[in-house]
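Below is one structure, written out as structure tokens; the observations come after it.
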Amino acid sequence: MSTMWDPSAETMPREQLRKLQDERLRDTIKRVYTSVPFYRHKMQEAGIRPGDIRGTDDLHLLPFTNKTDLRDSYPFGLFCAPQEQIVRIHASSGTTGKPTVSGYTARDVDTWGELMARALSCAGVTNRSVVQVSYGYGLFTGGLGAHYGAERIGASVIPMSGGNTKRQIMLMEDFGATALCCTPTYAIVLGEAIRDAGIPLSRFKLRAGVFGAEAWTEGMRAHVQNLLNIRAHDVYGLTEIMGPGVSIECEELAGMHIWEDHFIPEIIDPDTGERLPNGTPGEIVFTTITKEGMPLIRYRTHDLTVLDDTPCPCGRTHVRMRKLTGRTDDMLIIRGVNVFPSQVETALHGIEGIEPQYLLVVDRKNNLDTLEVQVEMAPLLPGDEVRSIERLQKRVESSVASMIGIHADIRLVPSGGLPRSEGKTNRTKDLRPKE
Ligand code: DLL
């Protein structure tokens, strides 16, 4: 049984929770209306004044916020607090070369630590735990998010960051890590490396995994639990809303509790924007109600899931979202990194000798995602030699890698070699197993 980090918040009766949400929503709407021209204009356009929003029941009156709104106000246009109060900036991949940015005040960083402390406590982390954080540290929110949460609990944190599998395994054993935070695919890489090196699991003290940042199946859960002899918890979040810890699975491992005293979730029909009742699959939309740096109103995540409001045996009253089943846009998550095909297009732009026809092929080999980018070459001229083609390939490779942040194998194909479609061109082929 895990101990709750903040029982009064986590088991708050629904009626009280609703009241708190109403209050916090009203306050957020007033703040964004006063301090963020984008929201003021949007609300004015929709004929809404802050006083019209009395609580969560009025949420549907407000317009959605989209990733494109963030892009249009890049980098800091949606910040609600003055620059001198912003203490941290994180970012994730945007749809083109520019990232999606989020700004935090000191109180936001504090809240994040608190919610990650709740999340890690759901996985049984206490002040006696040793937490190996193998999410990347940096602009990506995984590393620092898990780090602050584990420190808040008083656990001993090993700030490993990603990569260097052998060293990860050595320190996991030597330092007696009891919890591992990383992407599910990296957890499998670690587990298989331990197995393949023939190191007995009895040498490790690992008990829990807190895995997220990408979709993973129940099949992967069973595999990784078996490889590492742990209980594996799914954790969800996104940079724009906060980072990891927006929701987490409790000991029941049956859906992720969304911390509703800080975020209001809605499920909508992605095509019509219509709000759907709990239990119906659709796109999850979040409104933040305590954030100061960059509050977001009805932010469309493009993530597909189902809200489950049935009581959870753990006693937490916060609604659960089921494992994600996909996305409504073309964003791919490859080794935990978000990749948009349009980024590849931007990277190819202006490179002489290629044509703007490309295809991203994602696959999984030995439990690790692979990415191949197929690109059409301009028709070859007599005298073009193999060497110049190799040079072209290298150039494309480095341009793509610096744009998307991960390595992709580049395959140059002859002009006209990629399939053309009559409708919307599909730029991706995802061959990874679904279950
Ligand atoms: O991935 C934050 C995070 C870090 C979550 C570590 C969990 C653990 P972004 O890079 O902004 O933030 O990517 C957000 O990743 O919209 C989902 O599509 C996907 N995603 C995040 N967690 C999960 C999950 C971080 N548990 C995007 N299952 C989101 C499936 C997930 N997809």
Take each of the peptides 310-321, 268-279, average the number of other beta-carbon atoms within 10 Å over its residues, and list them starting from the highest. 310-321, 268-279
Computed over all unlike Cα pairs, the Kirkwood hydrodynamic radius of segment 332-430 in Å stands at 14.0 Å
Taking a 1.4 Å probe, which of GLU355, GLU84 shows the most accessible area, and what order do the others take after it? GLU84, GLU355
For segment 105-233, what number results from the quotient of the Cα radius of gyration and 2.2 N^0.38 Å? 0.99
What does the charge dipole of segment 304-380 about its Cα centre add up to, to the nearest 20 debye, if the Cβ of each Lys and Arg holds +1 and the Cβ of each Asp and Glu holds -1? 720 debye
Run the dipole for the chain about the Cα centre, Lys and Arg Cβ at +1, Asp and Glu Cβ at -1, nothing else charged, and hand back the magnitude in debye, nearest 20. 680 debye
Return the carbon/sulfur percentage of the accessible area of segment 332-430, one whole number, probe 1.4 Å, all protein chains in place. 50 percent
Projected convex hull area of the chain, Cα atoms, direction-averaged, in nm², equals 22.7 nm²
Considering only protein heavy atoms, what per residue accessible area in square angstrom results for the chain with a 1.4 angstrom probe? 44 Å²
Segment 1-143, relative contact order in percent, only Cα pairs under 8 angstrom and at least six apart counted: 24 percent
Compute the length gained on full extension between VAL386 and ASN127: take 0.36 nm times their separation in residues and subtract their Cα-Cα distance, giving the result in nm to one decimal. 87.2 nm
Choose one of MET331, LEU206, THR111: the residue whose Cα lies farthest towards the positive end of the charge dipole of the chain (beta-carbon charges +1 Lys, Arg; -1 Asp, Glu; about the Cα centre). LEU206
Highest mean first, what order results for 221-233, 125-137 on Cβ atoms within 10 Å? 125-137, 221-233
Place a +1 charge on the Cβ of each Lys and Arg in segment 243-384 and a -1 charge on the Cβ of each Asp and Glu, then give the dipole magnitude about the Cα centre in debye, rounded to the nearest 20. 460 debye
Could you order peptides 166-175, 338-347 by the average number of other Cβ atoms within 10 Å of their residues, highest first? 338-347, 166-175
Separation between the HIS60 and ASP363 pseudo-spin-labels, each 7 Å from Cα along Cα→Cβ, expressed in nm? 4.7 nm
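The values are calculated or read from the model by the stated rules, or taken from the named source; none is laboratory data. Computed from a predicted structure; not experimentally measured. In this analysis, Cβ positions are derived from the backbone assuming ideal geometry, glycine residues included, and neighbour counts consider all displayed protein chains. Ligands, DNA and RNA are excluded from the accessible area calculation, which covers all protein heavy atoms including side chains. Shrake-Rupley method; radii C 1.70, N 1.55, O 1.52, S 1.80 Å.
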